[in-house]
Amino acid sequence: MWLSDRRHFLLTLGAAALTGCGFAPVYAPSGSGNALLGTIAVDAPETRDEQILVREIETRLGRPSVTRYQLGYTLDISEERMAISATNITTRFNLVGRAQFTLTDAGSGLVMTQGSVEQFTGYSATGTTVATLAAERDAHERLAKILADQIVTRLIAASPGLTP
């Protein structure tokens, strides 16, 4: 009777497969993600967008107590006009952001992992000047947070390959 319920059977089968393949939480006490916490020094920001990116990375991975890795990055954000009225006034903008990153060993300078992430966000320009500026500023902040999340996700995915 128990086997006639496919959901229970499939869940049990899925759990058995995950335990057999070495699946383990990255932030478990012996997880590979713990090797990154408090060990990555991020390059100093030069712009507000970079400042938000660095702040969000440090929020997720912690500020380094012992610098084991150095995270370098380049951030490029461009603005595209998306909606244009009949009077040639732009009413909506998209911000397209791309961040390239390189994680190096602080001692040897050896590149541990590298990659790039890309995302976009938008804002409306139909309100007052103050509302449009606030929407633009918020869109920049959202984009930097999204890119930081993607970078941290890539670093965590690469963490099993990093030597402790």
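Report, by residue number, each residue of the range 115-130 that is outside any strand (DSSP E or B), surrounded by fewer than 16 Cβ atoms within 10 Å (Cβ to Cβ) and in contact with a helix residue (DSSP H, G or I) (Cβ under 9 Å, 6 or more places away or on another chain). Passing the criteria: 126, 127. Within the range 50-89, being more than 17 Å from the chain's Cα centre (by Cα) and among the β-branched types (Val, Ile, Thr) holds for 66, 67, 84, 87, 89. When 149, 138 are checked against the criterion of being over 30 Å from residue 34 (Cα atoms), modelled with pLDDT of 95 or more and acidic (Asp, Glu), a single residue qualifies: 138. With respect to the conditions (1) in a helix (DSSP H, G or I); (2) under 17 Å from residue 137 (Cα atoms); (3) not basic (Lys, Arg), residue 57 falls short on a single one, namely (2).
Close Cβ contacts (under 8 Å, 6 or more residues apart or on different chains) running from residues in the range 106-127 that are farther than 24 Å from residue 158 by Cα to residues that are modelled with pLDDT under 90 and assigned to a strand (DSSP E or B) comprise 122/82; 124/91; 125/90; 125/91; 126/91. Screening residue 131 against (1) closer than 20 Å to residue 45 by Cα; (2) at pLDDT below 95 leaves a single unmet condition, (1).
Contact list please: Cβ distance under 7 Å, first residue in the range 53-75 and surrounded by 14 or more Cβ atoms within 10 Å (Cβ to Cβ), second residue outside any strand (DSSP E or B) and among the hydroxyl-bearing types (Ser, Thr, Tyr), pairs at least six apart or on different chains. Within 7 Å, the pairs are 64/39; 68/39; 69/39. Residues in the range 76-97 that are in a strand (DSSP E or B) and free of Cβ contacts under 8 Å to residues at least 40 places away in the same chain: 76, 78, 79, 80, 81, 83, 84, 90, 91, 92, 94, 96.
Looking across 133, 155, one residue alone is free of Cβ contacts under 8 Å to residues at least 12 places away in the same chain, part of a helix (DSSP H, G or I) and either more than 18 Å from the chain's Cα centre (by Cα) or within 23 Å of residue 55 (Cα to Cα) (or both). It is 133.
The values are calculated or read from the model by the stated rules, or taken from the named source; none is laboratory data. Since the model is a prediction, treat every value here as computed from it, not as a measurement. Glycine gets a Cβ as well: all are built from the backbone with ideal geometry, and neighbour counts include every protein chain shown.
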